[in-house]
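Rule-based calculations on the coordinates, nothing more; no lab input. Since we're looking at a predicted model, the values are computed, not measured. Here the Cβ positions follow ideal geometry from the backbone for every residue, glycine too, while neighbour counts run over all protein chains shown.
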Amino acid sequence: MPNDFPARERKFISTLASDLHLDVAWDEYDDEDQNLVVFRIPDQEDAGQSSDSDEDPEAREAVDRVLRKYEKAKVMEDDEDGDFDERHDRALQEKMNDWKRSYYREKLEISFDDPEEMGHLVYRYVEGLQWVMFYYYSGVASWSWFYDYHYAPRISGLLLSLPFEQLMGVLPAASDEHIPLAYRDLMSDANSPILDFYPEDFISDLNGKKQEWEAVVKIPFIQQDRLLRAMKSREHRLTDEERRRNSYGPSMKFSYNPDGTVFYTSSLPGFFPDLPRCSCKMEPFDLPTLDGLHLVPGLCDGVFLGTEALAGFP
């Protein structure tokens, strides 16, 4: 069989082979140069056994005793609980979560598993980051504000929302074509537990403005815990491609490439054409450093103000 076992399982195989009086080799290869684990019955003459040893009832019973220990053992298929790497990652994540539970319980006296307590901690911490930014670049935003915890949350507590969670939090039901089919019924079905987030009738207050897009739209505020709970119940409906899209990734920069010769196949055949000569270059974007430059708060020199300001700008 293929020699792709981790160290722990190699030890088990070696022990089992020894109990069954078998020789095991770890460094043999097949015709396709694949590394194999090979079991062999020891040479009977070298082992000082007669050719009738296979018929020895005592030897047969010894083998049965070894195998009997594993008769009731649970057989775990890779498809059931994932391969070794997946099981290792899952076990590591469980240990990390246990450590976090201990940290929040002992240091902050809150529960890691309580979304409300964790949410308040993270909210106050991010408020503190904003206060510090104001302090250094604009002045003290509030003399009375303070961070009412002795410890910071772990960085993993500041995770961003996933792409589909963000879309469900900002799009109306009329734009549900931009939402995966798995979640669409949450925006319109009469039995949806979050139907109130997507009202068909609502007040649009121009509040002194003239254009409809300038109005204050008075719709219910999204309650994150309810939204995430409802989406979790539909998560299993996502396709593999949608699961890949609904993940964190690096920031990307799109720029014009006049020498572009890449043939870009349509991402939606029948709606968008192929691009036979794509002149757009996509590459990872890392936030640049200031490299000695200094931020200058306020307006730039020469900006138009008052009656000279451009229409629509103060």
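Details
- Shape call, the stretch 160-249: gyration tensor on alpha carbons, a/c limit 1.5: prolate
- Legend: ranking of residues Phe112, Phe5 from fewest to most surrounding C-beta atoms inside 10 Å; resulting order Phe5, Phe112.
- A straight chain from Arg277 to Val38 at 0.36 nm per residue would run longer than the Cα-Cα distance by 80.6 nm.
- Using alpha-carbon coordinates, inclination of helix 57-68 to the longest axis of the chain, degrees: 10
- CD proxy at 222 nm, helix term only [per DSSP H run n ≥ 4: -39500 (n - 2.57); per residue of the chain; nearest 500]: -10000 deg cm²/dmol
- Sites Ser266 and Tyr135, calculated FRET efficiency, Cβ-Cβ separation with R0 51 Å, nearest 0.05: 0.50
- Of all the options Pro172, Pro57, Pro220, the one that moves most in a Gaussian network model of the chain with Cα springs shorter than 10 angstrom is Pro57.
- For the pair Ala59 and Asp31, a Förster radius of 25 Å applied to the C-beta separation gives a FRET efficiency near 0.15, rounded to the nearest 0.05.
- Rough spin-label spacing in nm, given labels placed 7 Å along Cα→Cβ, for Asp259 and Asp89: 3.8
- ³J(HN,Hα), Karplus 6.51/-1.76/1.60, whole Hz, each residue of the stretch 263-275, x for Gly, Pro: 8, 9, 6, 4, 7, 9, x, x, 10, 10, x, 5, 10
- Listed by chain and number, the lysines whose C-alpha is less than 20 Å from the C-alpha of Lys11, apart from same-chain residues fewer than 8 away, are Lys69, Lys74.
- Calculated FRET efficiency for the pair Trp143/Phe202, C-beta based, R₀ 35 Å, to 0.05: 0.35
- Using θ = phi - 60° in the Karplus curve 6.51 cos²θ - 1.76 cosθ + 1.60, the 3J(HN,Hα) couplings for the stretch 224-240 round to 4, 5, 5, 4, 5, 5, 5, 5, 4, 6, 10, 4, 5, 7, 5, 6, 4 Hz; x is entered for Gly and Pro.
- Along the chain, longest interval not containing exposed GluC sites (Glu not before Pro), exposed being DSSP loop plus at most 13 other Cβ atoms within 10 Å: 201-314
- Answer label, with Cα extents along the principal axes in Å calculated from the coordinates and candidates [x] 72, 44, 32; [y] 110, 60, 57; [z] 104, 60, 42: [y]
- Gyration tensor (alpha-carbon) shape descriptor, the stretch 199-314, a/c threshold 1.5: oblate
- Where a label projected 7 Å from the Cα of Lys107 along Cα→Cβ would reach, residues of the stretch 130-173 with amide N under 18 Å: 147-159
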